[in-house]
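A short write-up of the structure that comes next.
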């Protein structure tokens with residue numbers, strides 16, 4: 001399984017905001033510091049705001065900030081909410097299942113079990129957990145800023 005860039009950028013945005021102070025941060029600054037497209041980040045932020053993970057403030061001094069404490073942001077929930085398609089194979093979609101052996105095949109059960117294990121692991125994590133190597137994360141972001 002591979003997460004979409006949308007989810008990856010959403011998680012990186014949340015990590016950046018979790019490391020920053022409480023002042024709103026402009027999307028362009030986050031995009032530059034985290035090495036991502038600002039246009040794409042704006043779409044990601046819109047979704048994160050609609051889901052209640054971030055707040056956006058317009059105007060002078062505006063930007064983005066966390067809407068919840070890092071301890072209250074579950075990573076499994078974020079991934080489920082930002083991934084558009086969690087169907088690992090065509091047999092996961094009853095409307096479009098074109099596999100001739102689906103009714104007897106055990107692969108879908110194995111993939112379903114693997115997906116549940118994947119989310120069980122992510123469900124154990126909060127944004128606060130991902131922020132534990134705070135100093136190392138901040139240093140890497142600063143290095144990115146210097147090279148940009």
In degrees, nearest 10, range 0 to 90: what is the angle between the Cα axis of helix 134-147 and the longest Cα principal axis of the chain? 80 degrees
For the chain, the longest principal axis of the Cα atoms and the Cα long axis of helix 107-123 enclose an angle in degrees, to the nearest 10, of 20 degrees
Given a cut-off of under 8 Å on Cα pairs at least six residues apart, what relative contact order in percent is computed for region 19-148? 29 percent
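With only alpha-carbon atoms in the gyration tensor, what are the semi-axes of the equivalent ellipsoid for region 82-130, in Å, largest first?
Working: eigenvalues 159, 32, 5 Å².
After scaling each eigenvalue by five and taking roots: 28, 13, 5 Å.
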Any idea what angle helix 38-50 forms with the longest principal axis of the chain, computed on alpha-carbon atoms, 0 to 90 degrees, nearest 10? 80 degrees
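Let me have the 222 nm mean residue ellipticity of the chain computed from DSSP H runs of 4+ only, each contributing -39500 (n - 2.57), with the sum over all residues rounded to the nearest 500. Before the final figure, lay out each step's value.
On the way: 7 runs with 79 residues, N = 148.
Using -39500 (n - 2.57) per qualifying helix, the result is -16500 deg cm²/dmol.
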Could you work out which residue, out of 18, 61, 76, moves most in a Gaussian network model of the chain, that is, has the largest mean-square fluctuation with Cα springs under 10 Å? 61
Comparing 138, 103, 20, which has the greatest mean-square fluctuation in the GNM of the chain with Cα pairs linked when under 10 Å apart? 103
Take the Cβ-Cβ distance between residue 113 and residue 6 as r, set R0 to 30 Å, and report the resulting FRET efficiency rounded to the nearest 0.05. 0.70
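Only the coordinates and a few stated rules stand behind these numbers; no lab work does. Note that the structure is a prediction, hence the values are computed from the model and not measured. Counting neighbours? That spans all protein chains shown, and the Cβs are built from the backbone with ideal geometry, glycine included.
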